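Step one of this worksheet: look at the structure below.
The values are calculated or read from the model by the stated rules, or taken from the named source; none is laboratory data. Note that the structure is a prediction, hence the values are computed from the model and not measured. In this analysis, Cβ positions are derived from the backbone assuming ideal geometry, glycine residues included, and neighbour counts consider all displayed protein chains.
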Amino acid sequence: MITEKCSIMSNRENEEVFMIKYLPDNKIIDEVVIAIHGFGSTKHSDTITMLAEKISEHGYAVFALDLPAHGESKTEILTIDKAINYLLDLEDYIKQEYKEAKIGYFASSFGAYLTLLRLNKLENEKDIDKVVLRCSAIDMKNIFKNNLLDEGYEKFERLGFADLGFARKVHCTKEFYNELVKNDIFKIYKSSHKILLIHGTEDECAPYEDAVRFEDENEDYVELKTIVGAGHRFLNPGEIEKVIDIASKYYIEK
């Protein structure tokens, strides 16, 4: 597997989008999987690397990007529209540079939420191929309000912003929260695209019950694979390996 760090320009945002390309050794690329990290994380992910190693020998490339205001991103502003535009511009780049390759998605947590919003905008279901979502933050507005705001919603509402995250703080405004309210997956989702969900029963951030509900409401298109006992980050021995095994088989065999 060949690893390359690079960036492209987001034509819609006029900003650099930084990413890591994981390319198959044989240079023949049948599908490019866009990998999206979670809130406060970056493109540097052991899970993404492990998945790329597993599927690259089958003609898959994996492109892991930094979301706005994350990682190497030069912007300090995180909005839903900006994040979706990053994805659309990366899709355009793939279509231009790898004309014969299909496009798929592998996303975690907040990245999974963004992927669902992207699918909801699809005009042609065939534009996107295989989609795997891990520990999906389906009810993102309540996850933000109840889990990410460690100093409470009242303070956030009073100040109008909060700086959240780990190595790099993400500046979240009231406008960002209003976007989450507006883009409530349970209210607006209408896509009929096939999706594989992977979720742990003990997820302390994105409730397992949300994944079950989403599958029930989209039973013809969504399949849920449950990892019993797993939390949001799949930290128990063998859990990440289960995620990679389930995801890789789905990409390769379907």
The stretch 30-39: number of residues that are in a loop (DSSP other than H, G, I, E, B) and modelled with pLDDT of 95 or more: 3
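Any idea which of D30, D46, D25 is free of Cβ contacts under 8 Å to residues at least 40 places away in the same chain, closer than 26 Å to E241 by Cβ and among the acidic types (D, E)?
Values: D30 fails: free of Cβ contacts under 8 Å to residues at least 40 places away in the same chain; D46 fails: free of Cβ contacts under 8 Å to residues at least 40 places away in the same chain.
After applying the criteria, what remains is D25.
This table checks each residue for (1) in contact with a helix residue (DSSP H, G or I) (Cβ under 8 Å, 6 or more places away or on another chain); (2) surrounded by fewer than 15 Cβ atoms within 10 Å (Cβ to Cβ); (3) over 17 Å from M50 (Cβ atoms); (4) not hydrophobic (A, V, I, L, M, F, W, C).
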{"residue": "F176", "(1), (2), (3), (4)": "yes, no, yes, no"}
{"residue": "A206", "(1), (2), (3), (4)": "yes, no, yes, no"}
{"residue": "V212", "(1), (2), (3), (4)": "no, no, yes, no"}
{"residue": "D216", "(1), (2), (3), (4)": "no, yes, yes, yes"}
{"residue": "N236", "(1), (2), (3), (4)": "no, yes, no, yes"}
{"residue": "K242", "(1), (2), (3), (4)": "no, no, no, yes"}
{"residue": "A247", "(1), (2), (3), (4)": "yes, no, no, no"}
Residue list for the stretch 25-39, filter: within 12 Å of the chain's Cα centre (by Cα) and not hydrophobic (A, V, I, L, M, F, W, C): H37, G38
So A206, is it outside any strand (DSSP E or B), over 23 Å from L90 (Cβ atoms) and among the small types (G, A, S): yes
Qualifying residue in the stretch 191-202 (condition: in a helix (DSSP H, G or I), surrounded by 14 or more Cβ atoms within 10 Å (Cβ to Cβ) and over 17 Å from the mean Cα position of the chain (by Cα)): no
Number of the condition not met by V181 [criteria: (1) over 22 Å from A69 (Cα atoms); (2) in a helix (DSSP H, G or I); (3) among the hydrophobic types (A, V, I, L, M, F, W, C)]: (1)
Subset tally (residues that are in contact (Cβ under 8 Å) with a residue 12 or more places away in the chain, charged (D, E, K, R) and either assigned to a strand (DSSP E or B) or in contact with a His (Cβ under 9 Å, 6 or more places away or on another chain) (or both)) for the stretch 113-170: 3
Answer residue from the stretch 149-174, given it is surrounded by fewer than 20 Cβ atoms within 10 Å (Cβ to Cβ) and of a type in the set (A, V, I, L, M) and is farthest from T47 (Cα to Cα) among those: L159
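Which ones in the stretch 209-227 are assigned to a helix (DSSP H, G or I) and either among the basic types (K, R) or in contact (Cβ under 8 Å) with a residue 24 or more places away in the chain (or both)? Full working, then the answer.
Taking the stretch 209-227 and keeping what is assigned to a helix (DSSP H, G or I), we get 209-217.
Hits for the stretch 209-227 are D210, A211, R213, F214, E217.
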